[in-house]
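Below is one structure, written out as structure tokens; the observations come after it.
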Amino acid sequence: MRKSKKLFLFIFFAIVSTLFNLLTQRIILFFNKTNLFFFIAMLTGTIVGLVIKFFLDKSYIFFDTKNDFLHLRKTFGLYTLMGTFSTIIFWGTESMFWIIWREENMREIGAILGLIMGYIIKYRLDKRYVFRKE
């Protein structure tokens, strides 16, 4: 696959998983906007986005066709581990925007900026350590 197509798919999948992440957060924050619900929303949204993006990346960008349970567990574990770096950037940026403005739109702008920065780093980590050719 050409690099330009991989890049397009990576960006598209990042947008899809971000939309699911933010939708999940909005649903949770609809019920309550306390700090506890904010944390629960970020955590739940991150998990939803992670699972969606993992299967899209695995299937369409890195062409990892092994689907036995042990391989999936190992690959998802590494994918999640590499995701901790992007999650720290994402949560930090989103939280900073929430603390400063306490406004839904600004929280989402912070989330999007954090996810963009985090996904750039995550792609490089995934390519090098998670979906490397053996």
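Values in this text are rule-based calculations from the coordinates and carry no lab data. For clarity, every value in this text was computed on a predicted model and none was experimentally measured. Heads up, the Cβs are rebuilt from the backbone with ideal geometry, glycines too, and the neighbour counts pull from every protein chain shown.
Rg/Rh, computed from the Cα trace of segment 3-130 with Rh as the Kirkwood radius, has the value 1.00.
Between segment 100-133 and segment 1-58, the alpha-carbon centres lie 9 Å apart.
Taking 0.36 nm per residue of sequence separation and removing the Cα-Cα distance, the Arg102/His71 pair yields an extension gain of 6.9 nm. Charges were assigned to the Cβ only: +1 to each Lys and Arg, -1 to each Asp and Glu. The resulting dipole of the chain about its Cα centre is roughly 600 debye. Dipole orientation for segment 3-130: of the candidates Ser95, Leu9, Leu113, Leu9 has the Cα lying most toward the positive pole (charges on Cβ; Lys, Arg +1; Asp, Glu -1).
Counting every other Cβ atom within 10 Å of each residue's Cβ, Phe76, Phe54, Phe12 order from fewest to most as Phe12, Phe76, Phe54. For a straight C-alpha distance cut-off of 17 angstrom, the aspartates and glutamates reachable from Lys33 (same-chain residues fewer than eight places away being disregarded) are Glu94, Glu103, Glu104, Glu108. Label-to-label distance for Leu9 and Leu23 is 2.2 nm, based on points extended 7 Å past Cα in the beta-carbon direction. With unit charges on the beta carbons (Lys and Arg positive, Asp and Glu negative) and the dipole taken about the Cα centre of the chain, which residue among Thr75, Ile27, Ile52 sits farthest to the positive side? Selected residue: Thr75. For segment 2-43, state which trypsin sites (Lys or Arg not before Pro) are in a DSSP loop and have at most 15 other beta carbons lying within 10 Å of their beta carbon. Answer by residue number: Arg2, Lys33. Candidate cross-link partners of Lys3 among the lysines, defined by an alpha-carbon separation under 19 Å and a same-chain spacing of 8 or more, comprise Lys53, Lys58, Lys122, Lys127, Lys133. Here the label points at Phe31 and Met117, each 7 Å from Cα along the C-beta direction, are separated by 3.1 nm in the simple model.
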